[in-house]
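S.K.: First the structure, which I've put down as structure tokens, then a few questions once you've had a look.
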């Protein structure tokens with residue numbers, strides 16, 4: 001049942017959907033049509049301050065087991081010549097923020113990382129049983145009741161976004177807060193990013209500011225040569241980032 | 001015996017053995033009783049295999065989840081299950097419905113883009129029942145440093161301080177109002 | 001810290017353990033042993049006849065154990081049958097269940113049954129009690145041993161062998177494809193992987209049959225058929241040369257191309273994988289056997305020394321191929337996909353994926369083989385009576 005308070009807490013649109021969610025048929029809810037959305041994420045490297053709010057929020061929202069990360073933040077230190085490999089660290093995924101940099105000079109920046117929700121995702125391709133799935137609205141999810149824990153998907157992900165849940169013994173990854181975005185909320189990481197470095201993007205919604213951003217800014221994806229169709233769009237991404 | 005030849009796999013094996021048993025270059029192409037008798041054990045094996053195969057297919061059909069293939073090669077029900085996971089962060093829109101006074105202060109200041117739960121933690125329980133699970137007031141000494149402690153990797157235009165030098169251990173809120181942190185013109189830095 | 005440099009935080013933990021090393025090792029032995037068996041059947045290499053049945057039983061013993069390491073490794077082993085329920089056609093791994101069953105039922109079991117049918121029928125008449133019941137069940141209720149029936153067995157067996165060769169290629173080539181098709185991992189990602197796996201499989205299969213044959217002769221106090229082992233050693237040398245050529249081609253190609261992963265992988269080979277790759281796999285496991293076997297081909301070596309050389313070469317080959325599987329599976333997980341760091345693999349002695357279980361899985365096929373040899377003796381009839 002929906003209590004009055006529950007009603008208050010949910011957005012009006014989400015409130016309409018709630019009974020359907022409870023009934024296990026969210027796709028038939030009148031306000032959320034999965035065919036009307038195509039989800040991605042915009043990450044602006046020049047805005048990330050490495051506070052770790054996104055990692056903490058993700059962990060709390062999704063009960064991410066300690067020592068594993070659905071999202072994490074990396075700190076890069078690039079010295080100069082293209083031959084030099086960058087110095088990168090990500091202590092505990094940045095969940096407690098970052099200690100002062102041991103370096104001076106050079107180019108220094110944070111890069112938030114997460115599942116790229118690839119259109120041609122290698123992890124979905126290799127899942128032997130269909131436990132990793134593409135939702136009709138462009139999100140890559142794991143069916144934890146069906147996954148057999150073979151970890152082929154973990155091997156296939158070029159971005160290191162997957163892990164085996166130590167207790168459930170099934171594959172686990174960023175769900176793009178599917179339980180939130182289908183109810184009109186943004187993801188936990190975006191909700192809690194203080195600088196707006198991460199923004200959920202609905203590429204099928206013509207009113208989404210993402211379209212204007214993509215038109216007017218230079219945007220990259222990670223490891224484009226692997227042609228995964230990544231939908232985590234990075235602005236101001238340095239060439240050294242891998 | 002001949003009715004089993006209706007079975008496709010049996011037929012395949014039979015053809016195979018019939019061909020194999022035919023003497024090279026000799027005899028008329030046709031199924032003689034003797035040829036069949038010599039291949040009887042193969043037919044028996046084929047029938048046994050066919051039975052196993054049929055049992056396998058029946059068992060398989062029985063165990064495939066009903067909703068499998070509804071949207072793609074996965075359990076359709078998984079979408080509903082994943083959608084129904086509990087929410088922990090209520091979202092700033094929800095907070096603002098009751099705490100509009102804070103919103104009024106916040107939207108004028110530098111922290112207009114910082115959402116409530118980023119500092120106050122996940123409050124879905126509190127939003128559902130404001131009486132229970134009252135949010136704890138964060139310690140600004142720790143909280144503010146998370147973002148504003150100086151770090152080489154932070155964007156240059158982002159306001160950052162070495163807290164030890166800046167405040168000497170004093171809580172930030174002694175001088176700054178967290179919801180709108182810029183100091184008023186009259187309160188400009190003492191030094 | 002369990003790692004050097006930078007790893008993506010989720011990469012620190014290795015996903016595929018020593019059990020996944022055991023799996024392609026065992027499958028390789030199956031494919032190799034079967035291909036050796038088919039030499040006699042399809043290509044009529046008379047000299048290797050004494051090992052024909054032994055090779056078939058060896059293939060079956062290893063094949064029965066091959067899926068166990070996979071099963072033990074699964075996070076949720078109780079869900080493994082989903083592979084048969086909803087196999088994902090785009091997944092290289094999903095086809096394992098089907099390729100495996102096809103190979104087990106349609107090739108190995110069928111060929112063994114046809115080959116042994118005469119013995120099974122005779123044994124079902126000469127034995128008593130429970131044994132008799134077992135053999136009677138295996139006859140499928142037909143005791144026809146007429147000339148025509150045996151001819152049918154022979155012809156069908158020939159066809160099965162013929163289908164068996166591409167099936168053996170499929171079984172192990174596809175295991176290589178599981179690794180070779182992962183574009184995220186440059187250590188694995190090469191179209192040569194299935195071919196390299198296939199030839200290394202043949203090498204290991206031939207070596208294991210050679211060793212088992214020599215060991216059984218010793219145990220049964222029977223003179224080793226030198227023409228047979230000489231021929232097997234010859235085939236071992238030939239496949240070894242192809243296998244080594246392919247592996248070197250892969251290596252040279254990587255070094256010459258030197259893509260973005262090169263520095264990372266090169267460093268790994270010179271440090272973490274130096275012993276298992278350069279020393280065990282290449283030097284001891286490949287170069288030494290090739291040189292020894294080649295020497296025997298060119299110069300006259302006394303029988304006694306040849307026997308010793310074959311045993312040593314066989315053993316080195318098996319160790320080398322196991323090291324090769326290790327280097328592929330474990331090596332492919334030691335470096336970060338950011339190419340900026342390395343992790344380490346620590347294997348426990350006693351755990352579900354530990355050394356003890358792995359050792360058990362490597363021994364189990366030999367126990368199965370010992371039982372199998374009791375049920376279906378692979379020795380020629382005159383030898384059986386001579387030994388008794």
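The values are calculated or read from the model by the stated rules, or taken from the named source; none is laboratory data. Note that the structure is a prediction, hence the values are computed from the model and not measured. Please note: Cβ atoms are built from the backbone with ideal geometry, for glycine as well, and neighbour counts cover all protein chains shown.
S.K.: Mind listing whichever residues of the stretch B:84-109 are within 12 Å of chain A (Cβ to nearest Cβ) and over 22 Å from residue A:188 (Cβ atoms)?
M.R.: none
S.K.: Let me confirm something: among A:127, A:123, A:157, A:150, which residue is more than 7 Å from every other protein chain (Cβ to nearest Cβ) and surrounded by 24 or more Cβ atoms within 10 Å (Cβ to Cβ)?
M.R.: Values: A:127 fails: more than 7 Å from every other protein chain (Cβ to nearest Cβ); A:157 fails: more than 7 Å from every other protein chain (Cβ to nearest Cβ); A:150 fails: more than 7 Å from every other protein chain (Cβ to nearest Cβ).
Unique residue meeting the criteria: A:123.
S.K.: In addition: Which one of A:100, A:86, A:91 is touching a strand residue (DSSP E or B) at 6+ places or on another chain (Cβ under 7 Å) and over 30 Å from residue C:90 (Cα atoms)?
M.R.: Checking each option against the conditions leaves just A:86.
S.K.: Quick one: residue A:177 ticks every box in (1) more than 7 Å from every other protein chain (Cβ to nearest Cβ); (2) more than 30 Å from residue C:77 (Cα to Cα) bar one, so which box is it?
M.R.: (2)
S.K.: Would you confirm, using the coordinates I've provided, whether residue A:105 is free of Cβ contacts under 8 Å to residues at least 40 places away in the same chain, at positive phi and within 12 Å of chain B (Cβ to nearest Cβ)?
M.R.: In short, yes.
Condition check ((1) at the interface with chain C (Cβ under 10 Å from one of its Cβ atoms); (2) modelled with pLDDT of 90 or more; (3) in contact with a helix residue (DSSP H, G or I) (Cβ under 9 Å, 6 or more places away or on another chain)) across all residues:
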| position | (1), (2), (3) |
| --- | --- |
| B:26 | no, no, no |
| B:33 | no, no, no |
| B:39 | yes, no, yes |
| B:42 | yes, yes, yes |
| B:49 | yes, yes, yes |
| B:54 | no, yes, no |
| B:67 | no, yes, yes |
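S.K.: Do you know which residues across the stretch C:123-152 are more than 8 Å from every other protein chain (Cβ to nearest Cβ), in a helix (DSSP H, G or I) and surrounded by 14 or more Cβ atoms within 10 Å (Cβ to Cβ)? Working first, answer last.
M.R.: Step one: filter the stretch C:123-152 for residues more than 8 Å from every other protein chain (Cβ to nearest Cβ), giving C:123-138, C:143, C:145, C:147, C:150.
Then keep just the ones that are in a helix (DSSP H, G or I); that gives C:123-126, C:129-138, C:147, C:150.
If the condition is that a residue be more than 8 Å from every other protein chain (Cβ to nearest Cβ), in a helix (DSSP H, G or I) and surrounded by 14 or more Cβ atoms within 10 Å (Cβ to Cβ), then C:123, C:124, C:132, C:134, C:135, C:136, C:138, C:150 are the ones that fit.
S.K.: Checking residue C:189 against (1) touching a helix residue (DSSP H, G or I) at 6+ places or on another chain (Cβ under 9 Å); (2) part of a helix (DSSP H, G or I), which test does it fail?
M.R.: Single failed check for residue C:189: (2).
S.K.: Here are some conditions: (1) crowded, with 20+ Cβ neighbours inside 10 Å; (2) more than 8 Å from every other protein chain (Cβ to nearest Cβ); (3) over 23 Å from the mean Cα position of the chain (by Cα). Residue B:123 meets all but one. Which one does it not meet?
M.R.: The single condition residue B:123 does not satisfy is (3).
S.K.: So, one more: Applying the selection to the stretch A:131-147, what residues are more than 9 Å from chain B (Cβ to nearest Cβ) and out of contact with any helix residue (DSSP H, G or I) (no Cβ under 7 Å at 6 or more places or on another chain)?
M.R.: A:138, A:147
S.K.: Another question about this same structure. Mind checking which residues of the stretch A:90-107 are outside any loop (DSSP other than H, G, I, E, B) and modelled with pLDDT under 95? Even if it seems obvious, please write down each step before you answer.
M.R.: Let us first name the residues in the stretch A:90-107 that are outside any loop (DSSP other than H, G, I, E, B), namely A:91-94, A:107.
Matches in the stretch A:90-107: A:107 only.
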